[in-house]
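Peer 1: Okay, here's the structure, questions in a sec.
Quick note: the coordinates plus some simple rules give every number you see, no bench work behind them. Please read all numbers here as calculations on a predicted model, not as lab measurements. With ideal geometry, Cβ positions are generated from the backbone for all residues, glycine too; neighbour counts draw on all protein chains shown.
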Amino acid sequence: MSKETPAATGSVGIVSPRLQRFDEPLELACGRVLPAWELIYETYGTLNRERSNAVLICHALSGNHHAAGFHSSTDRKPGWWDNCIGPGKPIDTRRFFVVALNNLGGCAGSTGPRSVDPATGRIRGPEFPQVRVRDWVATQRRLADVLGIGCWAAVIGGSLGGMQAMRWAIDHPERVRHCLVIAAAMRLSAQNLAFNEIARKAIMADPQFHDGWFLEHGTLPRQGLAIARMIGHVTYLSDELMGDKFGRELRSGSFASGGEAEAEFQVQSYLRYQGDQFADNFDANTYLLMTRALDYFDLARDHGDDPVAAFRQARCRFLVMAFSSDWRFAPQRSREIVDALVGARREVAYVEIEANEGHDAFLLPITRYHDALRRYLERVVPAASSTRGADAP
Amino acid sequence: MRLDLPIIRDWIRPGAHVLDLGCGDGSLLAELAAERAVSGYGLEIDPIRISLCLERGVNVIEQDLDRGLGNFGDASFDTVIMTQTLQAVRFPHLVLDEMLRIGRECIITFPNFGNWRCRLHLAGFGRMPVSRFMPYTWYDTPNIHFCTVFDFEALCRAKNIHIINRVVVDTQSRVTLATRALPNLFGATAIFRVTR
């Protein structure tokens, strides 16, 4: 008898990103105009005939378009949200047509600080304009137009991605049916702003940063980027989890008397590894840009600082989720979102997941978290309507 | 269908904005939405019941009643409902105050501890009552503030709460001659509609 892989562990398999070029000029919130720009994206599943089963995944600070599956048969690491997207998974690709992109200003293939400015022939580097969450939503809307998606069945995002999802609901109420906001906030707290500033200062203080022109100097501000990531990583985990995972275990050295060798804790080596990995793979200018976009976001700013007034613009249903040990985007921040939605009499469900993984929990396959997502999403599009595919866009 | 639905339904005007405290699996809200086109939310803390609400498409909000209801505005709901939950909260009188602040009207149902079965258990057997309707033993029960129909009415008098309706039903959710004549002795469940 053949053993079938359970549906719940299904993978979307091997996927290839696509590049979409836009030749209409894009006016950014900062006032600058990008005459032409590109977005890299991936899709999983099939768009149904009614084009009613499309789901947009908005990525967080260091995310990209590769949310699920593998890029080749030798690829060892799947996309960043592979545990949640795929056949039989909470964001079920047998049911949904899933779109994931790299945001403008990113460093994974969309136009950003690493791309060449055709006007000068020079890498844009620090001259790439500061983009805001609303600019991302505006570009995502253009991508939806190209893909023939008039209305998203759901826009889903965690952390900074949740901010994009909320922005979608408010800026394009007629184009979102469900908004899933996970471990997010309507704006950052002073403590959050402070952590981002420390991270940016670490990058800018690196002698290899060269005011952002490091690529022209043939170098990378590895140290600064690694420190920025280490700071970020500490804030993404909880004290409890770090205690469980590393405690005070030593990786090398000892405290025995008579020894001068420096003792190294496991947590040090873990952080160094995380920092180094990131420094090799992420662009420092993008990091500055993304953290600033995070800092600048304030959902209610255009609505007299009244989040209730802001959410009155929305028409979709909301699912808001938070994790108990998340102190970077604490459950209280999510409750504020819910209170504003209740004040605006919008449809909202709120689930607070008991988890000790901190902010990182939103990326992990925590049973209750995935179960809640699955149950909510099963109502978004009935399974039957996704059986027939639409013409390719 | 829930047994208390026909009574509660008649006390809610169509299209009302409703808050259900301790909404359980969301069946009451779902039925009220279907039959009375109500909008609103349910509060619940049990993960399994919250899952069932999500499955039904009920607007469930994970919130502990014992941590207060300060996040809801004054008179922001037409009706605030609390079924079979009053006896499980830490400060029932304070929850009642909050319900009356948030809603124009409140509907409260609770098990009547003055029911003859409870009295028999306590007076006859000298034991705390355990029945199909109160299936817990005294040490593990979530029901920490049992009261009788008369107790609740006394609280309403003390707080100047106006009782609009009172229906007391037996274990089959029926109003009988006995529950009408001696509600505190024969009633299993009390259903009150109150306002300030």
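Peer 1: Using a 10 Å cut-off around each Cβ of peptide A:331-338, what is the average number of partner chain Cβ atoms that fall inside?
Peer 2: Per residue, the average neighbour count from other chains is 2.
Peer 1: Once you have a ≥ b ≥ c as the square roots of the Cα gyration tensor eigenvalues for the protein assembly as shown, tell me rounded if a/c is under 1.5, and otherwise prolate or oblate according to whether a/b is larger than b/c.
Peer 2: Prolate shape, in that a/c is at least 1.5 and a/b is the bigger ratio.
Peer 1: Could you tell me which of rounded, prolate or oblate describes region A:67-184, using a ≥ b ≥ c as the square roots of the eigenvalues of the alpha-carbon gyration tensor, with rounded for a/c under 1.5 and, failing that, prolate when a/b is larger than b/c and oblate otherwise?
Peer 2: Oblate is the answer for region A:67-184, as a/c is 1.5 or above yet b/c matches or exceeds a/b.
Peer 1: Give the average, rounded to an integer, of partner chain Cβ atoms located within 10 angstrom of each Cβ in B:50-59.
Peer 2: 6
Peer 1: How many angstrom lie between the C-alpha centres of region A:349-383 and region A:296-348?
Peer 2: 18
Peer 1: Taking the dipole about the Cα centre of chain A, with the C-beta of Lys and Arg at +1 and of Asp and Glu at -1, give me whichever of A:Cys30, A:Ala67, A:Pro331 is farthest to the positive side.
Peer 2: Going by the charge dipole, the pick is A:Ala67.
Peer 1: Shape call for region A:236-282 from the C-alpha gyration tensor, a ≥ b ≥ c root eigenvalues: rounded (a/c under 1.5), prolate (a/b greater than b/c) or oblate? Working shown, then result.
Peer 2: Details: a/c = 4.72, a/b = 1.51, b/c = 3.13.
It comes out oblate by the Cα gyration axes.
Peer 1: I would also like to ask the following. In the Gaussian network model of chain A, springs joining C-alpha atoms below 10 Å, which of A:Gln140, A:Gln208, A:Gln164 carries the largest mean-square fluctuation?
Peer 2: Greatest mean-square fluctuation among the candidates belongs to A:Gln208.
Peer 1: Sticking with this structure for a sec: Return a whole-number percent for the relative contact order of region A:195-290, with Cα pairs under 8 Å and 6 or more residues apart as the contact set.
Peer 2: 30
Peer 1: How many partner chain Cβ atoms sit within 10 Å of a residue's Cβ in peptide B:39-47, on average, as a whole number?
Peer 2: The mean count of partner-chain Cβ atoms within 10 Å per residue comes to 3.
Peer 1: Tabulate in residue order the Karplus-calculated ³J(HN,Hα) for region A:118-131, using 6.51 cos²θ - 1.76 cosθ + 1.60 with θ = phi - 60°, rounded to whole Hz; enter x for Gly and Pro.
Peer 2: x, 5, 10, x, 10, 4, 5, x, x, 7, 5, x, 5, 9
Peer 1: Filter the chymotrypsin sites (Phe, Trp or Tyr not before Pro) in region A:4-77 down to the DSSP loop ones having no more than 16 other Cβ atoms within 10 Å, then list what survives.
Peer 2: Sparse-neighbourhood loop chymotrypsin sites (Phe, Trp or Tyr not before Pro): none present.
Peer 1: Pairs of alpha-carbon atoms within less than 8 angstrom and 6+ residues apart define the contacts here; what relative contact order does chain B have, in percent?
Peer 2: 19
Peer 1: Cα-Cα pairs above 19 Å in region A:262-350: how many percent? Each step should come with its number before you reach the end.
Peer 2: Numbers: 2404 of 3916 pairs.
Of the Cα pairs, 61 percent sit more than 19 Å apart.
Peer 1: Another question about this same structure. In a Gaussian network model over chain A where Cα atoms closer than 10 Å are linked, find which of A:Leu61, A:Leu39, A:Leu19 has the largest mean-square fluctuation.
Peer 2: Among A:Leu61, A:Leu39, A:Leu19, the largest GNM mean-square fluctuation belongs to A:Leu19.
Peer 1: Mind listing which trypsin sites (Lys or Arg not before Pro) in region A:16-93 are in a DSSP loop and have 14 or fewer other Cβ atoms within 10 Å?
Peer 2: A:Arg32, A:Arg49, A:Arg76
Peer 1: Please get the size of the charge dipole for region A:195-290, origin at its Cα centre, with Cβ charges of +1 on Lys and Arg and -1 on Asp and Glu, quoted in debye to the nearest 20.
Peer 2: Approximately 60 debye in magnitude.
Peer 1: Given the DSSP H assignment, sum -39500 (n - 2.57) over each helix run of at least 4 residues in chain A and divide by its residue total; what's the result at 222 nm in deg cm²/dmol, nearest 500?
Peer 2: Result for chain A: -10000 deg cm²/dmol, rounded to the nearest 500.
Peer 1: Among A:Phe265, A:Leu294, A:Gly161, whose Cα sits farthest toward the positive end of the charge dipole of chain A (+1 at Cβ of Lys/Arg, -1 at Cβ of Asp/Glu, about the Cα centre)?
Peer 2: It is A:Gly161.
Peer 1: Over chain A, what is the relative contact order in whole percent, taking alpha-carbon pairs under 8 Å and six or more residues apart?
Peer 2: Relative contact order, chain A: 19 percent.
Peer 1: Among the chymotrypsin sites (Phe, Trp or Tyr not before Pro) in region A:147-199, which ones are in a DSSP loop with at most 15 other Cβ atoms within 10 Å of the Cβ? Mind listing them?
Peer 2: When the chymotrypsin sites (Phe, Trp or Tyr not before Pro) of region A:147-199 are filtered for loop state and at most 15 Cβ neighbours within 10 Å, nothing remains.
Peer 1: For region A:195-290, treating each Cα as an identical point scatterer without solvent, what Debye log10 I(q)/I(0) comes out at q = 0.18, 0.22 1/Å?
Peer 2: Ignoring solvent entirely, the Cα scatterers give -0.83, -1.02.
Peer 1: Here is a follow-up. Per DSSP H run of at least 4 residues, take -39500 (n - 2.57); add these up for chain B, divide by its residues and hand me the 222 nm value, nearest 500 deg cm²/dmol. Mind dumping the intermediate values first?
Peer 2: Details: 8 runs with 60 residues, N = 196.
Mean residue ellipticity at 222 nm (helix-derived): -8000 deg cm²/dmol.
Peer 1: Roughly how many debye, to the nearest 20, is the charge dipole of chain B about its Cα centre, given +1 on each Lys and Arg Cβ, -1 on each Asp and Glu Cβ, and no other charges? Don't skip to the end; give the middle numbers.
Peer 2: Working: 21 positive and 21 negative charges, 149 e Å.
Roughly 720 debye for chain B.
Peer 1: How big is region B:5-195 by the Kirkwood estimate over distinct Cα pairs, in Å?
Peer 2: 17.1
Peer 1: Which residues' amide hydrogens lie under 5 Å from the amide hydrogen of A:Ser110, considering only partners 5 or more residues apart or on another chain, with H built in the peptide plane?
Peer 2: Counting only residues 5 or more places away or on other chains, the set is A:Ile40.
Peer 1: Oh, and also: For region B:25-36, what does the Karplus curve 6.51 cos²θ - 1.76 cosθ + 1.60, with θ = phi - 60°, yield as ³J(HN,Hα) per residue in whole Hz, taken in order and with x for Gly and Pro?
Peer 2: 7, x, 5, 5, 4, 5, 5, 5, 5, 6, 9, 10
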